[in-house]
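In what follows, a structure is listed as structure tokens, so that the remarks can point back to it.
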Amino acid sequence: MTAVTVLDLAPVLPVVVIDDVSRAVPLARALVAGGLPAIEVTLRTHAALTAIRAVAEEVPEAVVGAGTVLRPAQAEAAVRAGARFLVSPGWTERLLDAMRASGVPFLPGVSTASEVLALLERGVREMKFFPAEAAGGAPYLKSLAAPLPTARFCPTGGIGPGAARDYLALPNVGCVGGTWMAPPEAVRSGDWGRVTELAREAAQLRRPGAVAC
């Protein structure tokens, strides 16, 4: 990810929760086949780190990252497992230092203008806006664009394909995070064709005038 940032890999960043490691690789392949190479595996289950390792080793065309990073030790463990980016719902000084020291791109979470400003002061310009819909949605991010023009966001939290279009139309949004392209019932049943189709539809939600990579 030297030429582009994680915000520029695709218009939608799939956010997945994996309970069964055996589903990690086929899920990743289905998402990539649909045009969504970046995949955030949340660290909410005991299987998460093993799933990240499996995807990193067996699906080289995927850019797998770790989400719900809450502690410095999690950042370190995720990178050792093969995570190529880190995402947190919020940030502290210790967590920010750990993510910066990890050597991979990271998206610390923010939900207020003060948090954005604090990160900009620390040289961080790319952030996760969370929980997006509950924190003010697209209108809130639009209001930040003029006073804080150097900040770019991946809004996540309560976003579906309809709202995604509104966010992607904003100049300070690089991509949106969402779960809708990997429905739990499709993942449980192994309906990878459905996942690929939903991913393909999500991959078309590009910013107006953007050119597919």
Lys/Arg +1, Asp/Glu -1 at C-beta; the chain dipole; positive extreme among PRO184, LEU27, ILE39: ILE39
Read phi for every residue in the stretch 165-180 and hand back ³J(HN,Hα) as whole Hz from Karplus 6.51 cos²θ - 1.76 cosθ + 1.60, θ = phi - 60°, with x for Gly and Pro. 4, 5, 5, 5, 7, 7, x, 9, 10, x, 7, 10, x, x, 10, 5
Which length gain, in nm to one decimal place, applies between TRP180 and ASP19 when the Cα-Cα distance is subtracted from 0.36 nm times their residue separation? 56.3 nm
What is the set of long-range amide H partners of PHE129 at a cut-off below 5 Å, with H atoms built 1.01 Å from backbone N? VAL110, CYS154, THR156
If the label point is 7 Å along Cα→Cβ of THR92, which residues in the stretch 104-148 have backbone nitrogen under 17 Å from it? 108-110
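Normalised by the number of residues in the chain, what is the relative contact order in percent for Cα pairs under 8 Å and 6+ residues apart? Before the final figure, lay out the partial values.
Details: 428 pairs, mean separation 48.0, N = 213.
The value is 23 percent.
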Give the residue from THR196, VAL59, VAL173 lying farthest towards the positive end of the charge dipole for the chain; charges sit on Cβ (+1 for Lys and Arg, -1 for Asp and Glu) and the dipole is referred to the Cα centre. VAL173
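Given a Förster distance of 41 Å, report the FRET efficiency between THR50 and ARG122 from their Cβ-Cβ distance, rounded to the nearest 0.05.
Working: r = 32 Å, r/R0 = 0.79.
After rounding to 0.05, the efficiency reads 0.80.
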Only Cα pairs within less than 10 Å get springs; with that Gaussian network setup on the chain, which residue of PRO131, PRO89, PRO184 has the largest fluctuation? PRO184
Going by amide H atoms built from the backbone, whose H comes under 5 Å of the H on GLY190, apart from near neighbours? none
Take THR68, THR112 and order them by how many other Cβ atoms sit within 10 Å, fewest up front. THR112, THR68
Full-stretch length increase - GLU115, ALA145 - with 0.36 nm per residue and alpha-carbon distance subtracted: 9.4 nm
Separation of alpha-carbon centers, the stretch 177-209 and the stretch 21-80, rounded to whole Å: 16
Full extension from GLU76 to GLN204: what is 0.36 nm times the residue separation minus their Cα-Cα distance, to one decimal in nm? 42.7 nm
Amide H neighbours of VAL63 at under 5 Å, excluding residues fewer than 5 places away on the same chain, with H built from the backbone geometry, are ALA38, ILE39
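Every number in this text was worked out from the coordinates using simple rules, so none of it is lab data. Everything numeric in this text was worked out from a predicted model, so none of it was measured. Counting neighbours? That spans all protein chains shown, and the Cβs are built from the backbone with ideal geometry, glycine included.
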